[in-house]
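Rule-based calculations on the coordinates, nothing more; no lab input. Keep in mind it's a predicted model, so treat the numbers as computed, not measured. Here Cβ is always computed from backbone atoms with ideal geometry, including for glycine, and neighbour counts include all displayed protein chains.
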Amino acid sequence: MSNDLQSPLDHLKSLAERTLGSEAIGTGPAEIRSWRGFTFSVDRWNFVFPFSGGFEILTEREIQPIPWAVRWVRGITNVRGEVHTVVDFAEFLGLDGVASPRSATLFKLPDESLKSALMLESRVNLRAFPEFMERVQDADVPALLMPAVSVILADDEKEWVVLDAGKLCQMPEFVSIARATATLH
């Protein structure tokens, strides 16, 4: 079939085959399987939440403080009439928090019972990962996060800490936001 008679979709497919090769677009014998995830960085760590519904980048910037909350809870925000707790993820990990909340990214987690959003210094991106990446056994991951880590993967550039949002939202350290107070006797 000549280029003049090809449908626009067929034309794009042939361009992709010429540019990427037939194996890269899944038409050849070695189809590459992949999964997608939301990626972001905190300090030296690269995190991934596997793609699913319920994650959302929030545009709302009005955050109301919560009295007597732990330091890493920046406050609450209204998301379409529902109150969400805003967690500075870097501070939760024991690092310096987000320097400028106005330029931070608010990333809503999908756990509807907890209703929380992470405040991040970095942008959140959607990235494809090959299904069979190297698994890393001994990675420098914050011990606090280990109950929420599904796996640690490595590619040529970076190590990726794959987090389970459901497990993160069930961690007692993440759920308990009240500041501990000293009891006087």
Taking Lys167 as the anchor, which aspartates and glutamates have their alpha carbon closer than 12 Å to its alpha carbon, excluding any fewer than eight residues away along the same chain?
Asp111
For the stretch 34-175, what is the percent of antiparallel DSSP beta bridges, rounded to the nearest 5?
85 percent
Of all GluC sites (Glu not before Pro) in the stretch 83-185, which ones are in loop regions per DSSP and have a Cβ with at most 10 other Cβ atoms within 10 Å?
Glu112, Glu131, Glu157
P(r) tail fraction, the stretch 34-175 - alpha-carbon pairs more than 25 Å apart, %
24 percent
Ranked from fewest to most other Cβ atoms within 10 Å of their own Cβ, Arg74, Arg80 fall in the order Arg80, Arg74
The answer for the net charge of residues other than Phe107 whose Cβ lies under 14 angstrom from its Cβ, with Lys and Arg +1 and Asp and Glu -1, is 0
Ala139 paired with Lys167, simple spin-label distance in nm, labels 7 Å along Cα-to-beta-carbon
1.2 nm
Go ahead and run the numbers for FRET between Leu126 and Trp68, Cβ-Cβ distance against an R0 of 35 Å, rounding to 0.05.
0.45
Suppose we take every Cα in the stretch 79-162 and form the convex hull; what volume per residue is that in Å³?
140 Å³
Bin width 10 Å, origin at 0, all Cα-Cα pairs of the stretch 129-181: what percent of pairs per bin?
22, 43, 25, 9, 2
Dividing the convex hull volume of the Cα atoms of the stretch 42-86 by its residue count, what figure in Å³ per residue is obtained?
114 Å³
